[in-house]
Structure formats: structure tokens, C-alpha cells
Amino acid sequence: MNIGILGGSFDPIHNGHLHMAVCAHQAFPLDQVWLMPAGHSPNKDETVMTPAAERFRMCEIAAQSYDWLYVSSLEINSKERSYTFRTMQKLTADYPMHRFFFLMGGDSLDYFEKWSHPDIIARLSTILVIPRDQFDTSQLKEKIQVLQRHFDCDIRIVPCAEYPISSTEIRKRLYEGQSHEEDFPPGVLAYIRKNQMYCR
């Protein structure tokens, strides 16, 4: 099967994340998309992150609305840092029958060569890029050409309108009591409120 991998802290998961998954699923022959909540993120302070079990549960709730969307516990169950190249190595070893597509935002592609072992990620997956923020399609194409001069990679742009929302803004709204149902997949905001998360 063709499997899309969408990683992130998902703190919390919101409709901006699902917008990326839906666009990729519609534009490319992906049989499934796996949400991959980060465990020990190399780029974020874990002491201020929501516990992994709660972030995983919110992803499970979000995935219930789509029969092609699944949640993987690979990273949160690992004791290692959640580097993408390690994740892709583990996935391709455990599921040699699948072809993997790694989803990322255009802002991440801008510094992809600075990731840990981007060549391994590119070798083990087709990279699908979602245009975001100030990175339009023409800029992404230029960046792809630069990366292709550095290492062999298959990077494709997902036709997808920008979804103007971020986890930082979501957390701010929740903290201020200004959150909206339309920002979240069904059931996620109810879970947040029930467990009194992201509040004063």
C-alpha cells in the first residue's frame, strides 16, 4: 500500500493538520495516512508539551472521521529522540511491503537540508510538500531544484490551499477561553474540555 506519514507534536491536533492529510490523500494515490505524534522531539522542550498519551488520544479521536486515517505510536513508544530519518528506517524495516510518502509543510522544506540525515529520509520516502505561509509554489519549486542538486530526492508539491491556523494560536485561544469548534476535528475539543487541558 501507499502510506502517507504526517508527523508532528499535535499539541493539540486541529483542522489545519487534517487539511494537510486530506489534500495529500486527494491529490496522490495514498491508501492510508498515518498520524505520527512525536515522542521525544529534538526541537521542543518536552517539559512544556502535553503528555504523549493525551496527544495520542486526541489523534485517535480525530482519525475516527476518516476510514483511511490511522495513528501510529511508533515515536511515542520509542526511547530515542524522534528524528524523522530513524522513523523512516523503522517503518521501511517493519513494513517492507509498503511505499511511504512523507508529508511536510513548505516552511520545513525551506531548511530540509539542515535536518538530521535528509538524504536518508529522501531515499526511503517520496516527499509531499504542502504550501504554507510565505512559501508559494514557485519558491517551493526553486527549493526542490536546490535540494536535488545536493542529493537524490523525489519531492512533489501538493495542490492545497493554505489553512491559516497553528497549534500556537490554538493553545492561545484555549488558554483565553476563545476556542471554536470549527478549529477541531469532531470530539477533540470536547476531550480537551473534559480533561481541562490548555487552560488557566
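The values are calculated or read from the model by the stated rules, or taken from the named source; none is laboratory data. These numbers come from a predicted model, not from an experiment. Cβ atoms come from the backbone with ideal geometry, glycine included; neighbour counts cover every protein chain shown. Ligands, DNA and RNA are stripped out before the accessible areas are found, and what is left, the full protein with its side chains, is counted by its heavy atoms. Shrake-Rupley method; radii C 1.70, N 1.55, O 1.52, S 1.80 Å.
Things worth noting here:
- Scope segment 151-188; condition without any contact (Cβ under 8 Å) to a residue 60 or more places away in the chain, farther than 23 Å from His25 by Cβ and under 19 Å from the mean Cα position of the chain (by Cα); matching residues: Thr168, Glu169
- Check on Leu103, in contact with a helix residue (DSSP H, G or I) (Cβ under 6 Å, 6 or more places away or on another chain), assigned to a strand (DSSP E or B) and at negative phi: yes
- Among the conditions (1) in contact with a helix residue (DSSP H, G or I) (Cβ under 6 Å, 6 or more places away or on another chain); (2) surrounded by 14 or more Cβ atoms within 10 Å (Cβ to Cβ), the only one that Pro159 does not satisfy is (2).
- Residues that are farther than 15 Å from Pro159 by Cβ and either in contact with a helix residue (DSSP H, G or I) (Cβ under 8 Å, 6 or more places away or on another chain) or of a type in the set (Lys, Arg) (or both) within segment 106-118 comprise Leu109, Asp110, Phe112, Glu113, Lys114, Trp115, Ser116, His117, Pro118, listed in sequence order.
- Residue identified as acidic (Asp, Glu), open to solvent by 10 Å² or more (accessible area, probe 1.4 Å), more than 16 Å from the chain's Cα centre (by Cα) and closer than 21 Å to Thr84 by Cα among Glu113, Glu142: Glu113
- Here Tyr70 fulfils each of the conditions (1) assigned to a strand (DSSP E or B); (2) open to solvent by less than 70 Å² (accessible area, probe 1.4 Å); (3) out of contact with any Ser or Thr (no Cβ under 7 Å at 6 or more places or on another chain) apart from (2).
- Put simply, of Pro29, Pro37, Pro51 the only residue that is under 18 Å from Ile76 (Cβ atoms) and more than 12 Å from the chain's Cα centre (by Cα) is Pro51.
- Residue among Met49, Met36 that is surrounded by 20 or more Cβ atoms within 10 Å (Cβ to Cβ) and in contact (Cβ under 8 Å) with a residue 40 or more places away in the chain: Met36
- Search result, residues across segment 75-99 that are under 14 Å from the mean Cα position of the chain (by Cα) and either of a type in the set (Ser, Thr, Tyr) or closer than 21 Å to Leu30 by Cα (or both): Ser82, Tyr83, Thr84, Thr87, Met88
- Positions within segment 163-183 being within 20 Å of Phe102 (Cβ to Cβ) and not aromatic (Phe, Trp, Tyr), in sequence order: Ser167
- Restricting attention to segment 117-139 and to residues that are among the acidic types (Asp, Glu) and open to solvent by less than 80 Å² (accessible area, probe 1.4 Å), the residue that is nearest to Thr92 (Cα to Cα) turns out to be Asp119.
- Of all residues making up segment 8-51, the number that are at pLDDT below 95, in a strand (DSSP E or B) and closer than 29 Å to Glu181 by Cβ: 1
- Complete set of residues in segment 104-126 that are of a type in the set (S, T, N, Q) and free of Cβ contacts under 8 Å to residues at least 60 places away in the same chain: Ser108, Thr126
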